[in-house]
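Here you go, one structure.
Every number in this text was worked out from the coordinates using simple rules, so none of it is lab data. Small disclaimer: the values here were computed from a predicted structure and weren't measured. Neighbour counts run over all protein chains shown; Cβ positions are idealised from the backbone, glycine included.
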Amino acid sequence: MVDCAGAPLSAQGMAAAVAALGAVRAAVWALLAVETGGVGFLPDRRPKILFERHVFHRLTGGRFDAVAPDVSHAVPGGYGALGAHQWDRLAVAQRLDAAAAVQAASWGLGQIMGEKHALAGFASAEAMIAAFTAGEDAQIAGMAAFVQAIGAAGFVAAGRWADYARRYNGVGYAANHYDTRLATACAQFTQAGCPDLDVRAAQLLLGYLGVPLVVDGMAGPATGAALRRFQAGAGIDVSGRADAATLAALRVKTMG
């Protein structure tokens, strides 16, 4: 696995995705929120993944079903806990067939399957994973490219969530209420506003330092208190705000 960088989503990265999809910002945030809760990394700086045992089964012809049914099975499911546990499952599969394993996981903000790397604009699953590991800008760009490639950008732009869900998730999308969750999330972002990317970056970077914050781009009391503690320790103005000096100090501390 490549060295994890975990750079937060930037204003430029979000703007590029909005332009590529021809959609309002709230619609793009809805895609991210439904796929990953709007965060592409775990607190340990590894990309969020979901390992799909039925895809691994298909890619390997089912030859590992008997010895490792948790990671190779004809029937979808068996996910267990999200987060680090998915990396544990991936590691088991990699010991069986490394190439198939990374293709059988979905990666980053948009949860793009490794086997779909070409649709996201990458020559290989490994190239996609390396880019997605570096930062969320690459993750959202890959998602936008994928949505364009499957002909679903217009559905996002028009708010045609059932059509988008069918194209993105297949005919079984309604079983998980995928379309209604997208519609609800878009309405919430439209009404309440979209995440502040500076606040969100501070939350993500503080999380890398072991501060347990919800990464939602909202400047609530817990985020303000965490920022003040960091600012005091870093010897910068104790404002409780995600200002330029604080973000720069956080990036130096976490990203090197």
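Quick check on the chain: what does the Kirkwood estimate of hydrodynamic radius come out to from the alpha carbon pairs, in Å?
On the way: mean 1/r = 0.0526 Å⁻¹.
One decimal place: 19.0 Å for the Kirkwood radius.
Then there's this: Could you give the distance between the Cα centres of the range 143-173 and the range 226-246, to the whole Å?
What the calculation gives is 41 Å, centre to centre.
A further question follows. Which length gain, in nm to one decimal place, applies between VAL75 and GLN12 when the Cα-Cα distance is subtracted from 0.36 nm times their residue separation? Spell out each step's value before the answer.
On the way: separation 63, 0.36 × 63 = 22.68 nm, distance 4.01 nm.
Between VAL75 and GLN12, full extension yields 18.7 nm more.
OK, next. Can you pull a Stokes-Einstein diffusion coefficient for the range 84-164 at 20 °C (1.002 mPa s), Rh from Kirkwood over Cα pairs, as a whole number of µm²/s?
Working: Rh = 13.2 Å.
For these conditions, the coefficient is 162 µm²/s.
To continue, here is another question. Suppose we keep just the alpha-carbon trace of the range 48-189; what are its Rg and Dmax in angstrom?
So, for the range 48-189, Rg and Dmax equal 15.6, 47 Å respectively.
Once you put a point 7 Å from the Cα of THR180 and another 7 Å from the Cα of SER124, both along the Cβ direction, what distance in nm separates them?
Once both label points are built, they end up 4.4 nm from each other.
Hey, what did the range 121-256 get for relative contact order, percent, Cα under 8 Å, at least 6 apart?
Working: 107 pairs, mean separation 18.4, N = 136.
With pairs under 8 Å counted, the relative contact order is 13 percent.
What Kirkwood hydrodynamic radius do you get for the range 197-255 when you take the inverse of the mean 1/r over all pairs of distinct Cα atoms, in Å? Kindly include the intermediate steps, with their values, before the conclusion.
Working: mean 1/r = 0.0923 Å⁻¹.
Evaluated on the range 197-255, it is 10.8 Å.
Then there's this: Counting only helical runs of four or more DSSP H residues, what would the 222 nm mean residue ellipticity of the chain come to if each run contributes -39,500 (n - 2.57) and the total is spread over all its residues?
On the way: 13 runs with 141 residues, N = 256.
Computed mean residue ellipticity for the chain: -16500 deg cm²/dmol.
Taking each pair of different alpha-carbon atoms in the range 3-129 once, compute 1/r for the pair, average those values, and report the inverse of that mean as the Kirkwood hydrodynamic radius in Å to one decimal.
After inverting the pairwise mean of 1/r, the radius is 15.4 Å.
Could you work out the relative contact order of the range 197-255? I mean the mean sequence separation of Cα pairs under 8 Å and 6+ apart, divided by the number of residues, in percent.
Details: 66 pairs, mean separation 20.6, N = 59.
Normalised by residue count, the contact order of the range 197-255 is 35 percent.
Something else now. Which of MET143, MET218 comes first, and how do the rest follow, when ranked by fewest Cβ neighbours within 10 Å?
Listed from fewest to most nearby Cβ atoms, that is MET218, MET143.
For the chain, calculate the relative contact order in percent as a whole number, restricting contacts to Cα pairs under 8 Å that are 6 or more residues apart.
Numbers: 415 pairs, mean separation 55.8, N = 256.
Answer for the chain is 22 percent.
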